[in-house]
Structure formats: C-alpha cells, structure tokens
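The values are calculated or read from the model by the stated rules, or taken from the named source; none is laboratory data. None of the values given here were measured: they were computed from a predicted structure. Note that we place each Cβ from the backbone using ideal geometry, even for glycine, and neighbour counts take in every protein chain shown.
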Amino acid sequence: MTLVDELASYRPADEREAAMTAEIIAFLRAHGDAYERTQRRGHITASAWIVDVDRTHALLTHHRKLGRWLQLGGHVDGERDTRAAALREAREESGLQAIVPLTAGIYDVDVHVIPAQRDEAEHKHYDIRFAFEANRFAPLIVSDESHALAWVELSELERDKADESVTRLARKTQHLGGRLREGV
C-alpha cells in the first residue's frame, strides 16, 4: 500500500488535520521526490509518539535546531516506509531499542513550516506520525540532534504551553488501546 493509499484511508481527528492530510496527498502526487531532502518546497518526515505503558507520559526531545520540546522523528531520507523511518529515528534519538507499535496505521499527520537555517531555505515538513510504547524507566541516550530527552506527564503539556501539534498527540493518547501484538 502506498502512503497516498494509507492517507486516503486515514481518519483525521478534526478539520484542521483533514486539511493537512489532503495537503500531504496533493504534495505526494505532485512531487516524485517527496521523500528526499533535496525537494526544496518540503519533504516527507516521520515521527514517533512514544508513550509509557500507563499512557500517562510521553517521551519528548528538546530539539537542538528548533529549541522546542517535540516528539522524536525526522527526515525519511528516501525511505518510503514511513513507519520504519519513524522507528529508526526514535531509536537513533533516544537510544531505546524496545519500542512497540501501538497502532496498525498512521496515528497523526502534521504539516509545519521549518524556518530558514544557514544552509537551508524555509520549507515544509509533511510529517507522518505513528504511536509507540516504551518503558519509561529504560535508560535514554541523548543524540546530537537534541539538548535533552524527558518523559513528560501528558497533563502538563497544555499547562506548559507545548507545541499545538504535541498537545493534539497527547489528546489522542486517551484513545489508545492496549498493545498490538500481531499484524503490525
């Protein structure tokens, strides 16, 4: 199944997410190089929303370039299996190896603008997000892409004025069921 097919069958949480889903589908259809960083308008990225077994905490990274607390994830670098890319990014950015998928499909989507950096013009990230579970007490290793990692209590995110897309992920967490064991 292609990413366009997966997105077409995805059920967005609200009108804003539905609009972002449609934008990603249109972007994929218009750009054969959508999975490559060389696509200057933007590119597909993949993220991992990692929660603990109790669904009370999420693992966030304090992103070095953006200076904000966000879910783990990043560029797919040509990988068309966005779930595999999200899992790879999660392992690289946290040091965790025991990360279990919680949903069979896409968990969330987001389109956001990345500001211009020294060597990059402003562009969009068309982010495909997946839900995972990990042990909150397992040791973490901070990568060079972040300042810090932290398990943050979900109830604190809105109070601490976290990024809107992160609070949307947190709101969706209440709908996560138990661990998927097969078919993932």
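Can you give me the number of residues within segment 106-129 that are assigned to a loop (DSSP other than H, G, I, E, B), modelled with pLDDT under 95 and of a type outside the set (Asp, Glu)?
Number satisfying all stated conditions: 4.
Out of the residues in segment 9-38 meeting the condition of being among the polar types (S, T, N, Q) and part of a helix (DSSP H, G or I), tell me which one is farthest from Arg168 (Cα to Cα).
Ranking the qualifying residues of segment 9-38, first place goes to Ser9.
How many residues does segment 39-65 hold that are outside any strand (DSSP E or B), aliphatic (A, V, I, L, M) and surrounded by 15 or more Cβ atoms within 10 Å (Cβ to Cβ)?
Within segment 39-65, the subset outside any strand (DSSP E or B) is 39-41, 52-56, 64-65.
Applying the additional criterion that residues be aliphatic (A, V, I, L, M) yields 53.
Going one step further and asking which of them are surrounded by 15 or more Cβ atoms within 10 Å (Cβ to Cβ), we end up with none.
Total satisfying the criteria: 0.
Does Phe132 count as within 17 Å of Val51 (Cα to Cα), among the aromatic types (Phe, Trp, Tyr), in a loop (DSSP other than H, G, I, E, B) and modelled with pLDDT of 85 or more?
Taking the combined requirement at face value, the residue does not satisfy it.
Answer yes or no: is there a residue in segment 92-105 that is under 22 Å from Arg11 (Cα atoms), surrounded by fewer than 15 Cβ atoms within 10 Å (Cβ to Cβ) and without any contact (Cβ under 8 Å) to a residue 40 or more places away in the chain.
Checked segment 92-105: no residue is under 22 Å from Arg11 (Cα atoms), surrounded by fewer than 15 Cβ atoms within 10 Å (Cβ to Cβ) and without any contact (Cβ under 8 Å) to a residue 40 or more places away in the chain.
Filter segment 141-158 down to the residues that are part of a helix (DSSP H, G or I) and either modelled with pLDDT under 85 or farther than 20 Å from Thr56 by Cβ (or both) and list them by number.
Those that are part of a helix (DSSP H, G or I) and either modelled with pLDDT under 85 or farther than 20 Å from Thr56 by Cβ (or both): Leu157, Glu158.
Would you be able to tell me the number of residues in segment 33-60 that are under 21 Å from Glu120 (Cβ atoms) and of a type outside the set (A, V, I, L, M)?
The total comes to 12.
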